[in-house]
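Structure, as structure tokens:
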Amino acid sequence: MLYTYPGDGTNGFYTSEDVGEVVSPTQWLKGVVGPYLFVIADGPWVATSTGLLYPASIDPVIVKTAILREGSASGPSVAVKTLDATGIDSANTWQLAGAAFIVPVQPLKANTTYWTTVTLGNVAATLTKTWTFKTGTATAGPGGSGYITTTKPKSIITGHLTKTKFRASAAKSVKLIYKISKASSRFAYKLSRARGTTWKQIRYFKRTGNIKGTHYLTVKKLFGGKARIRGRYRLTLYADSGKRPVLKFRIV
């Protein structure tokens, strides 16, 4: 059986990755590339390889074919690189058997459907997986795995509270001031309250549109009618990409 990431029918997938380092003398990936597509094999046939040890000299599962097309099976071809148990483009040993990366060498187009078919195999078996996914707005992904590392995209949202310790009666005057540096299709926040060593979500709010610039919300609006009781609170801010700022405050 083959599993994939993104899964079949995924909508809103990110369009790029920013490559930091690859263990390869040729540095086969540099700069900004397309998002890593994962294909993972499962079943007895994978056990014929050497598992998590390397070199994978006992019948490793490798990429036989990998095709990525824009739109459909008959659409324009997209250039890809592959990484599997035998190494980077089958030139250098890699240690994770039964799994592979399919990496577009250029960022993908935003809001576009892609058709993918990948065949993995060894002497024991050969399996093919075909699936489609659709990208969202032009955003960078969370990063690679194993021998591939990435730099995290810069956050496009920042924010601060005008006070971090106040009485509940001051909720009308204390403000969250946040700035979105480039157009985002969403602004969202999650408000949580401390319960011992855990955090319990109080409210989640999301607004969509073409959002940019500096905005503010009073703490009263952040709570949206929820009770403002004494305690410690955490506010997580969200936009299309980058690090999610986390702000903390206390109501006394």
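The values are calculated or read from the model by the stated rules, or taken from the named source; none is laboratory data. Computed from a predicted model, the values in this text were never measured in an experiment. Cβ: placed from backbone, ideal geometry, glycine included. Neighbour counts: every protein chain shown.
Does Phe101 fit the bill of being in contact with a Ser or Thr (Cβ under 6 Å, 6 or more places away or on another chain), modelled with pLDDT of 75 or more and aromatic (Phe, Trp, Tyr)?
When the stated conditions are applied, Phe101 does not pass them.
State whether one or more residues within the stretch 205-217 are farther than 27 Å from Tyr14 by Cα, of a type outside the set (Gly, Ala, Ser), at pLDDT below 95 and not assigned by TED's automatic domain parsing to the domain that holds Pro35.
Yes; the residues of the stretch 205-217 include at least one that is farther than 27 Å from Tyr14 by Cα, of a type outside the set (Gly, Ala, Ser), at pLDDT below 95 and not assigned by TED's automatic domain parsing to the domain that holds Pro35.
Name the residues in the stretch 218-242 that are surrounded by fewer than 14 Cβ atoms within 10 Å (Cβ to Cβ) and among the aliphatic types (A, V, I, L, M), would you?
Ala227, Ile229
Starting from the stretch 152-165, take each residue that is more than 13 Å from Val219 (Cα to Cα) and modelled with pLDDT under 95 and list its partners that are of a type in the set (S, T, N, Q) and in a loop (DSSP other than H, G, I, E, B), counting only C-beta distances under 7 angstrom and pairs at least six apart or across chains.
Close Cβ pairs (under 7 Å, with a partner that is of a type in the set (S, T, N, Q) and in a loop (DSSP other than H, G, I, E, B)) amount to Pro153/Ser241; Ile156/Ser241.
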